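Visitor: I'd like to ask some things about the structure below.
The values are calculated or read from the model by the stated rules, or taken from the named source; none is laboratory data. Keep in mind that what you see is a predicted model, and the values were worked out from it rather than measured. Backbone-built Cβ (ideal geometry, glycine too); neighbour counts: all protein chains shown.
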Amino acid sequence: MADIDHFKAYNDRLGHIAGDHCLKQVAWALSAALMRHVDTLARYGGEEFAAILPETDESGAVAVVTRMRNAVKALNIAHPASETESHVTVSLGVAAMIPGPDAHTLQLIENADAAMYRAKQLGRDRYALYSQTLRN
């Protein structure tokens, strides 16, 4: 899960046209960071994006989110309304699921979302891995 940091402030300060342009550029950068044809990126809502990385272990997922974060930074989109950075950044959450009868997609999304919010709590412009302690 990826979320553009302080996007509401960006939109409020620069307007919806600039916000839409920013969303498109970030979506392109996040998509470009995916290396396999089976990997998928989708806008999940607002300024959030979800990436599905089938048959990817934790180290592979970390490599992908690191590329995503770097790709967004490389856009160097000015963010005059950010409280933390002078340019647009993303916070990312990583969660994994082993396919099987007990695997639930909604739980995977909730876990990735919890990890993303942990990344935001830690200062934004970073990724966090899901662990059970995030639920406690």
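Visitor: Only residues that are charged (D, E, K, R) and assigned to a helix (DSSP H, G or I): list them for segment 95-124, please. Before you say what the answer is, go through the steps one by one.
Guide: First, the residues of segment 95-124 that are charged (D, E, K, R): 102, 110, 113, 118, 120, 124.
Within segment 95-124, GLU110, ASP113, ARG118, LYS120 qualify.
Visitor: Something else: Need the failing condition index for ALA81 against (1) at pLDDT 95 or above; (2) closer than 29 Å to ASN11 by Cα, just the number.
Guide: So ALA81 meets the others, but not (1).
Visitor: I need the full set of residues from segment 16-63 which are within 21 Å of GLN107 (Cα to Cα) and β-branched (Val, Ile, Thr), in order please.
Guide: Selection gives THR40, ILE52, THR56, VAL62.
Visitor: Here's something else I'd like to know. Answer yes or no as to whether ARG69 is loosely packed, with under 14 Cβ neighbours inside 10 Å and at pLDDT 95 or above.
Guide: Working: loosely packed, with under 14 Cβ neighbours inside 10 Å: no; at pLDDT 95 or above: yes.
The answer is no for ARG69.
Visitor: Same structure again: Among the numbered criteria (1) part of a loop (DSSP other than H, G, I, E, B); (2) of a type outside the set (Ser, Thr, Tyr); (3) surrounded by fewer than 17 Cβ atoms within 10 Å (Cβ to Cβ), which one does ALA63 miss?
Guide: (1)
Visitor: Still on this model: Can you tell me which residues in segment 11-40 are more than 28 Å from ALA63 (Cα to Cα) and surrounded by 13 or more Cβ atoms within 10 Å (Cβ to Cβ)? Walk me through it before giving the result.
Guide: Here is the first cut: in segment 11-40, the residues more than 28 Å from ALA63 (Cα to Cα) are 11-18.
ASN11, ARG13, LEU14, ALA18, listed by residue number.
Visitor: Looking at segment 37-45, can you tell me whether even one residue there is under 19 Å from ALA115 (Cβ atoms), touching a Lys or Arg at 6+ places or on another chain (Cβ under 8 Å) and at pLDDT 95 or above? Lay out the reasoning, then the answer.
Guide: To start, the set of residues in segment 37-45 that are under 19 Å from ALA115 (Cβ atoms) comprises 39-45.
Restricting the remaining residues to those that are touching a Lys or Arg at 6+ places or on another chain (Cβ under 8 Å) gives none.
No, segment 37-45 has no match at all.
Visitor: Let me ask something else about it. Which pairs have Cβ atoms under 6 Å, sit 6 or more apart or on different chains, and link a residue in segment 61-82 that is on the phi < 0 side of the Ramachandran plot to one that is among the hydroxyl-bearing types (Ser, Thr, Tyr)?
Guide: VAL65/TYR127; HIS79/TYR10; ALA81/TYR10
Visitor: Restricted to segment 75-108, and to residues that are in contact with a His (Cβ under 7 Å, 6 or more places away or on another chain) and of a type in the set (D, E, K, R), which residue is surrounded by the most Cβ atoms within 10 Å (Cβ to Cβ)?
Guide: Filtering first and then ranking leaves GLU85.
Visitor: Give the number of residues within segment 41-60 that are loosely packed, with under 13 Cβ neighbours inside 10 Å and in contact with a helix residue (DSSP H, G or I) (Cβ under 8 Å, 6 or more places away or on another chain).
Guide: The number of residues fulfilling the criteria is 1.
Visitor: If GLU55 passes every condition in (1) more than 12 Å from ILE4 (Cβ to Cβ); (2) modelled with pLDDT of 95 or more but one, which one does it miss?
Guide: All conditions pass for GLU55, except number (2).
Visitor: If we keep just the residues of segment 3-17 that are under 25 Å from ALA51 (Cβ atoms) and of a type in the set (A, V, I, L, M, F, W, C), which is farthest from the chain's Cα centre (by Cα)?
Guide: ALA9
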